[in-house]
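Chemist: Below: one structure in structure tokens.
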Amino acid sequence: MSGPQAVRVRGGGPQDLAAVERIERASFADPWSRDTLYGELLADAMRLPLVAELDGRVCGFLMAWKVVDQLHVLNVAAAPPARRRGVGTALLLEAARLARAGGLVEITLEVRDGNRGARDFYRRHGFAEAGLRPGYYADNGEDAVIMTAAVAAVLGEG
Ligand SMILES: CC(C)(COP(=O)(O)OP(=O)(O)OC[C@H]1O[C@@H](n2cnc3c(N)ncnc32)[C@H](O)[C@@H]1OP(=O)(O)O)[C@@H](O)C(=O)NCCC(=O)NCCS
């Protein structure tokens with residue numbers, strides 16, 4: 001079965017490193033290193049790693065930090081063949097549910113100015129553009145757009 005119903009989201013861990021690294025490299029021109037990905041897969045009081053599975057295979061991930069009353073989404077990607085099938089949505093909704101359960105009220109992230117697809121994705125999920133970090137990305141000097149959303153808005157309650 002395809003579609004959002006078939007996507008399962010669970011906590012990520014070191015056992016997911018190979019799949020996460022494959023998706024990262026397929027998704028970004030300037031991918032995080034294996035060491036960085038590994039570090040973010042070690043869940044702790046701050047780190048929230050999630051992976052999504054379609055038919056039992058890891059097809060996406062989300063990495064975030066819990067900072068005071070905010071969830072900072074650091075990295076999110078769906079494997080290219082699994083895009084537009086609800087993987088990103090399932091990851092974001094689970095992150096929002098966990099954020100709410102932990103008493104967090106806002107979700108924030110940075111996205112490349114030129115990443116229209118991701119900006120549309122976040123806007124669709126209740127995010128608004130809250131500012132710009134000029135020249136934020138070291139590889140090409142691209143600006144970062146700061147996007148924020150109330151946890152309630154992401155959960156469709158706003
Ligand atoms: C952004 C990303 C995580 C979205 O994941 P996804 O699983 O494809 O998203 P979903 O299937 O849940 O998408 C839901 C909606 O988001 C919007 N959306 C997603 N990708 C989009 C795109 N490329 N262009 C326009 N809208 C898009 C659409 O409204 C989509 O609904 P639709 O398919 O009915 O039109 C995925 O495109 C990705 O991995 N991109 C590369 C990595 C990246 O840029 N990550 C974000 C870094 S900040």
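Chemist: Are any residues in segment 126-140 exposed (fewer than 13 other Cβ atoms within 10 Å of the Cβ) and either touching a Leu at 6+ places or on another chain (Cβ under 9 Å) or at pLDDT below 95 (or both), and if so, which ones?
Modeler: Ala138, Asp139, Asn140
Chemist: Go through (1) modelled with pLDDT of 95 or more; (2) under 23 Å from Gly102 (Cα atoms) and name the single condition Glu157 misses.
Modeler: (1)
Chemist: Of the residues that make up segment 30-51, is at least one part of a strand (DSSP E or B) and without any contact (Cβ under 8 Å) to a residue 24 or more places away in the chain?
Modeler: Just the residues of segment 30-51 that are part of a strand (DSSP E or B), to begin with: 47-51.
When the remaining residues are screened for being without any contact (Cβ under 8 Å) to a residue 24 or more places away in the chain, the result is 47.
Yes, segment 30-51 contains at least one residue that is part of a strand (DSSP E or B) and without any contact (Cβ under 8 Å) to a residue 24 or more places away in the chain.
Chemist: Given the condition modelled with pLDDT under 95 and within 10 Å of the ligand (Cβ to nearest atom), answer yes or no: does some residue in segment 3-21 qualify?
Modeler: Step one: of segment 3-21, the residues modelled with pLDDT under 95 are 3-6.
After this cut, where a residue has to be within 10 Å of the ligand (Cβ to nearest atom) as well, the list is 3-4.
Scanning segment 3-21, I find at least one residue that is modelled with pLDDT under 95 and within 10 Å of the ligand (Cβ to nearest atom), so the answer is yes.
Chemist: From the list Ala78, Ala52, Ala96, which residue is within 14 Å of the ligand (Cβ to nearest atom), buried (at least 22 other Cβ atoms within 10 Å of the Cβ), over 25 Å from Glu21 (Cβ atoms) and of a type in the set (Gly, Ala, Ser)?
Modeler: From the options Ala78, Ala52, Ala96, the qualifying one is Ala96.
Chemist: Something else about it: Looking at (1) under 17 Å from the mean Cα position of the chain (by Cα); (2) farther than 22 Å from Val7 by Cβ; (3) surrounded by fewer than 16 Cβ atoms within 10 Å (Cβ to Cβ), which is the one condition that is false for Thr108?
Modeler: (3)
Chemist: Can you tell me which residues in segment 121-154 are away from the ligand (no atom under 14 Å from the Cβ) and among the polar types (S, T, N, Q)?
Modeler: Asn140
Chemist: Residue by residue through segment 81-93, note down the ones that are out of contact with any Pro (no Cβ under 8 Å at 6 or more places or on another chain) and more than 6 Å from the ligand (Cβ to nearest atom).
Modeler: Within segment 81-93, Pro81, Ala82, Leu91, Leu92, Leu93 meet the criteria.
Chemist: Shifting gears a bit: Search segment 65-81 for residues that are more than 21 Å from Met46 (Cβ to Cβ) and pair each with any residue that is within 9 Å of the ligand (Cβ to nearest atom) and part of a loop (DSSP other than H, G, I, E, B) when their beta-carbon atoms are under 8 Å apart and the residues are at least 6 apart or on different chains.
Modeler: These pairs meet every condition: Ala78/Arg85.
The values are calculated or read from the model by the stated rules, or taken from the named source; none is laboratory data. It should be emphasised that the depicted structure is a prediction, and the values quoted were computed from it without experimental measurement. Methodologically, a virtual Cβ is constructed for each residue, glycine included, from the backbone with ideal geometry; neighbour enumeration extends over all protein chains shown.
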